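Some notes on the structure that comes next.
The values are calculated or read from the model by the stated rules, or taken from the named source; none is laboratory data. Everything quoted here is computed from the prediction, not taken from an experiment. A quick note on method: Cβ atoms are made from the backbone with ideal geometry, for glycine too, and the neighbour counts reach across all protein chains shown. All accessible areas refer to the heavy atoms of the entire protein, side chains included, with ligands and DNA or RNA removed. Shrake-Rupley method; radii C 1.70, N 1.55, O 1.52, S 1.80 Å.
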Amino acid sequence: MKYKILIIVIAVIFAAGIVGTIWVLNAPKKQFVRIKSGGKTLYTLDLSREPDRTIEIERGGGVNLVEIKDGKIRVKSADCPDKTCVNMGWLSSSAMPIVCLPHELVIEFTDSDSGVDAISE
């Protein structure tokens with residue numbers, strides 16, 4: 001009797017783990033990104049609806065070209081000395097934003113559009 005209960009408990013935990021894993025893997029990915037420069041939000045965009053385009057962002061005499069293509073975003077080019085932001089590639093994880101320190105540019109995933117749609121605050 002003890003073993004039947006133990007087997008049932010293990011089976012329920014195992015099934016819950018499988019269901020939880022499937023739910024997490026199929027959860028919609030964050031598609032909203034926020035582009036900030038100098039601490040101010042310049043754009044909040046829904047990448048799933050954004051057309052392919054390039055946005056030029058100027059700050060402190062420097063320029064970053066931000067490319068949106070196929071629902072992804074990256075810094076295509078920058079005139080900063082180290083080009084770390086360009087080398088970061090496409091934004092792919094909500095844990096790691098794209099950052100250009102010389103131009104004070106940050107591109108990061110966000111939870112929602114916050115009512116702002118590609119306009120300056």
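Being more than 13 Å from the chain's Cα centre (by Cα) and open to solvent by 40 Å² or more (accessible area, probe 1.4 Å) is the filter here; which residues of the stretch 89-103 pass it? Walk me through it before giving the result.
Kept after step one, since they are more than 13 Å from the chain's Cα centre (by Cα), are these residues of the stretch 89-103: 100-103.
Once the filter is applied, which keeps residues that are more than 13 Å from the chain's Cα centre (by Cα) and open to solvent by 40 Å² or more (accessible area, probe 1.4 Å), the stretch 89-103 yields Leu101, Pro102.
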I need the full set of residues from the stretch 74-85 which are over 18 Å from Leu47 (Cβ atoms) and open to solvent by 40 Å² or more (accessible area, probe 1.4 Å), in order please.
Ser77, Asp79, Pro81, Asp82, Lys83, Thr84
For Gly71, indicate whether it is surrounded by 15 or more Cβ atoms within 10 Å (Cβ to Cβ), of a type outside the set (Lys, Arg) and in contact (Cβ under 8 Å) with a residue 12 or more places away in the chain.
no
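Output the residues belonging to the stretch 69-88 that are more than 20 Å from the chain's Cα centre (by Cα) and of a type in the set (A, V, I, L, M, F, W, C).
Taking the stretch 69-88 and keeping what is more than 20 Å from the chain's Cα centre (by Cα), we get 79-82.
The one that is more than 20 Å from the chain's Cα centre (by Cα) and of a type in the set (A, V, I, L, M, F, W, C): Cys80.
What is the residue count in the stretch 34-50 for residues that are open to solvent by 90 Å² or more (accessible area, probe 1.4 Å) and over 17 Å from the mean Cα position of the chain (by Cα)?
The number of residues fulfilling the criteria is 1.
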Looking at the stretch 51-68, which of the residues that are open to solvent by less than 30 Å² (accessible area, probe 1.4 Å) and touching a residue at least 24 places away in the same chain (Cβ under 8 Å) is farthest from the chain's Cα centre (by Cα)?
Gly62
If Gln31 satisfies every condition in (1) free of Cβ contacts under 8 Å to residues at least 40 places away in the same chain; (2) open to solvent by 30 Å² or more (accessible area, probe 1.4 Å) but one, which is the exception?
(1)
